[in-house]
Amino acid sequence: MFEYKFVRVELSSFRRQPKEDYQTVVHEQAKEGWRLVQIFAPSIGGDGMAKYFELIFEKPKS
């Protein structure tokens, strides 16, 4: 069995750049035992562009 954690990284509305360093987020989560499974970018804006990334992490249940 695994447990999952979802971390949202917002994108700036003008340049579509991450508002925070996603690599730092991955390293921080890894230190806590989480493993990156997937990065998901839903297209939810009126222009069809994503407004955020969702980083999905997993780790075995304790």
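The values are calculated or read from the model by the stated rules, or taken from the named source; none is laboratory data. Computed from a prediction, not measured in an experiment: that's the story for all the values here. For the accessible areas, the whole protein counts, side chains as well, though only heavy atoms, and no ligand, DNA or RNA atoms are used. Shrake-Rupley method; radii C 1.70, N 1.55, O 1.52, S 1.80 Å.
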Candidate residues Ser12, Ser43, Ser62: accessible-area rank, largest first, probe 1.4 Å: Ser62, Ser43, Ser12
field: Å² per residue, accessible surface of the stretch 1-57 at 1.4 Å
entry: 74 Å²
message: Just to be sure I follow: if Rg is taken over the C-alpha atoms of the chain and Rh is the Kirkwood radius over the same atoms, what is Rg/Rh?
response: 1.05
query: Which angle from 0 to 90°, rounded to the nearest 10, does the C-alpha axis of helix 22-31 make with the longest principal axis of the chain?
result: 10 degrees
